[in-house]
Amino acid sequence: MGPSAGRGRRRLMCVRVGFGFLMNVFKGFRQQLLAVLGEMAGAGELPGGLDTSRVAVEPPREAAHGDVSTNAAMVLAGQAKANPRQLAPKIAERLKALPGVTGVEVAGPGFLNLRFTPEFWQAQIAVILRAGLAYGDSDAGGGLPVNVEYVSANPTGPLHAAHARGAVVGDALANLLEKAGFAVTREYYINDAGAQVDVLGRSAYLRYREALGESIGEIPAGLYPGEYLKEVGQVLAARDGRRWLEALESEWLPAVRDFAIDAIMVGIKEDLTALGVGIQVFSSERALVAAGAVRAAFDTLTARGLIYEGVLEPPKGKVPDDWEPRPQTLFRATQFGDDVDRPLRKSDGSWTYFANDIAYHLDKYRRGARVLIDVWGADHGGYIKRMQAATTAITEGGAALDVKICQLVHLMDNGVPVKMSKRAGTFVTLRDVIERVGADVVRFIMLTRRNDQTLEFDFAKVTEQSKDNPVFYVQYCHARCRSVLRHAGEPDAEMLAAEAPLDRLSSPEELELIRLLAGWPRLVEAAAEAHEAHRVAFFLYDLAAGFHALWNRGKDDTTLRFLVEGDPGLSRARLALVKAVATVIASGLRVIGVAPVEELRS
């Protein structure tokens with residue numbers, strides 16, 4: 001080993017000691033920064049007892065500005081009674097002395113932009129290899145109980161493509177929150193107490209009569225026409241024979257309705273399993289009402305003075321013909337941010353859907369959840385304010401409700417809209433989509449847009465092998481990594497972490513790829529905090545692009561290939577980098593719920 005190599009190794013050891021090998025380099029550096037600020041306070045350069053809660057360490061908006069940026073001088077200037085531009089250089093001088101820091105610049109109104117040594121970034125490869133798939137795991141959530149309720153489709157038919165989006169968004173978000181250290185419950189709310197399930201019962205009864213040989217003719221308007229109910233009718237006929245043919249509706253409806261709901265839910269659970277979605281809790285609206293939970297929630301709000309009898313103002317714009325200024329039982333939703341107060345009883349004295357939903361969210365809170373996340377369809381946007389107001393009121397601020405709206409999914413095939421499913425009658429089923437392209441493709445593509453943006457799902461495009469297909473592009477990256485590692489005899493990750501001369505990873509492209517890898521833990525925490533699972537898919541695409549670019553450079557220049565003939569040390573270092581890329585890709589795909597592929601065949 002020559003003198004220069006020795007100096008490089010010693011500098012690498014300093015980085016390891018200075019930053020403690022924390023997975024999240026930004027969080028690690030923030031700890032170093034706070035220690036520096038404490039030293040400055042001890043030396044009289046800053047006042048004691050500073051509030052540093054708003055001190056942030058983040059990537060600069062432009063990569064050319066450095067590796068990390070902090071607002072410390074601007075945040076603390078007021079407390080220190082100093083100008084941020086005057087305070088920033090004093091902090092900068094202290095930061096320059098930290099191991100791994102190679103430069104600090106003051107920018108704009110007082111931002112501090114820092115650069116780290118190549119050795120600092122090279123050391124992150126060892127961190128990744130030792131952590132494996134746990135790289136990016138965080139304790140940021142502190143075990144806080146979070147309830148993620150998603151899908152929750154009415155049990156009146158099979159799931160369709162739009163349900164698939166909500167299922168994937170909710171499931172991936174639950175995975176992400178768990179990786180970030182939250183205690184997550186995955187839940188499905190069965191809306192089995194409304195008029196729609198009575199319609200289901202009557203529709204199933206019609207198919208029951210058909211199964212017993214009657215001619216039912218055309219399905220009457222208002223009933224569900226899907227052929228999936230034929231099987232429900234046939235199974236009911238096989239079980240009960242002609243028992244219900246001469247019975248009154250008041251006798252057969254409850255039995256047929258319950259039978260149909262159970263049958264539909266079996267199919268829904270099978271579809272969710274096929275998509276890789278594992279719901280832990282299935283809550284029944286009907287059971288909630290029967291247990292008196294709605295009355296209990298109502299009494300709780302009444303005792304707090306939040307229920308009154310009143311007359312609502314007519315809706316803005318054109319007043320509906322059926323609107324009448326009648327007294328109603330109202331919840332004071334406007335006290336909690338809603339636009340108007342909301343009725344909790346219908347004219348016949350029964351509870352409104354809203355009353356039932358208040359009871360359900362109270363039930364989730366009483367079961368321990370402190371953060372409630374509901375994933376809803378595009379047609380529920382107008383319901384958010386009232387439900388957030390109700391959640392705040394019924395839990396007395398003990399729980400926060402975040403609603404993620406999933407916009408529509410347009411199914412296409414080579415740009416042509418896909419026709420409805422014969423089995424469903426009015427839409428393309430989730431099972432149809434899975435059988436055509438596979439669950440992994442469905443899951444990844446559903447996260448390639450923000451949940452609140454419309455998504456186009458083109459069967460031809462999501463299966464093509466090109467850079468324009470995100471799922472292929474990311475999977476191809478993992479497959480390429482695995483190919484290199486197989487060719488090298490599957491080197492052990494721990495061995496690479498301990499023995500590979502990582503200081504040989506010195507090209508700008510290699511260091512940039514390492515910076516991308518090192519951003520994964522921060523991405524996990526930030527995406528979990530924002531409840532935005534789509535950020536994971538975006539990150540994976542960017543990481544794949546960085547790797548593919550490095551691969552392509554090696555095609556033209558043999559010295560840039562991952563396995564360099566005659567240079568085993570450089571080959572080991574690059575194998576460590578390849579192993580790290582494969583690890584982070586696999587870690588990200590696990591959050592999305594997608595299995596990484598070992599090789600791709602055309």
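Since every read-out is calculated from the coordinates, none of them should be taken as a lab result. It should be emphasised that the depicted structure is a prediction, and the values quoted were computed from it without experimental measurement. A quick note on method: Cβ atoms are made from the backbone with ideal geometry, for glycine too, and the neighbour counts reach across all protein chains shown.
Some notes on this structure:
- With both labels modelled 7 Å from their Cα along Cα-to-Cβ, the E598 to I219 distance reads 4.5 nm.
- Label point distance in nm, Q79-Q465, each placed 7 Å from Cα along Cα→Cβ: 5.7 nm
- On the basis of the beta-carbon distance and an R0 of 25 Å, A400 and T302 show a calculated FRET efficiency of 0.60.
- Going by neighbour counts of Cβ atoms within 10 Å, the residues T392, T583 line up, fewest first, as T392, T583.
- In straight-distance terms, cross-link reach from K81 covers every one of the lysines whose alpha-carbon lies under 22 Å from its own, apart from those fewer than eight places away in the same chain; here that gives K90.
- DSSP-defined antiparallel bridges as percent of all bridges, the chain, nearest 5: 45 percent
- The residues V371, V524, when put in order of fewest to most other Cβ atoms within 10 Å, stand as V371, V524.
- Check: the stretch 470-592 dipole with +1 on Lys, Arg Cβ and -1 on Asp, Glu Cβ, in debye: 300 debye
- The stretch 200-246: chymotrypsin sites (Phe, Trp or Tyr not before Pro) in DSSP coil with no more than 14 other Cβ atoms inside 10 Å: none
- From the coordinates shown, volume of the Cα convex hull per residue in Å³ corresponds to which of (i) 169; (ii) 155; (iii) 210: (iii)
- Over the stretch 363-510, relative contact order from alpha-carbon pairs under 8 Å, at least 6 apart, %: 18 percent
- Among T448, T391, the ranking by other beta carbons within 10 Å of each residue's beta carbon, starting with the fewest, stands as T448, T391.
- Across the chain, Cα pairs under 8 Å and at least six residues apart give a relative contact order of 16 percent.
- Extension gain, K90-T52: 0.36 nm per intervening residue step, less the Cα-Cα distance, totals 12.0 nm.
- Entries of K269/K316; K27/K404; K385/K419; K96/K467; K269/K467; K346/K404 with Cα pairs more than 31 Å apart: K269/K316; K385/K419; K96/K467; K269/K467
- Loop-located GluC sites (Glu not before Pro) in the stretch 414-515 (DSSP state other than H, G, I, E, B) with a sparse environment of at most 16 neighbouring Cβ atoms within 10 Å: E464.
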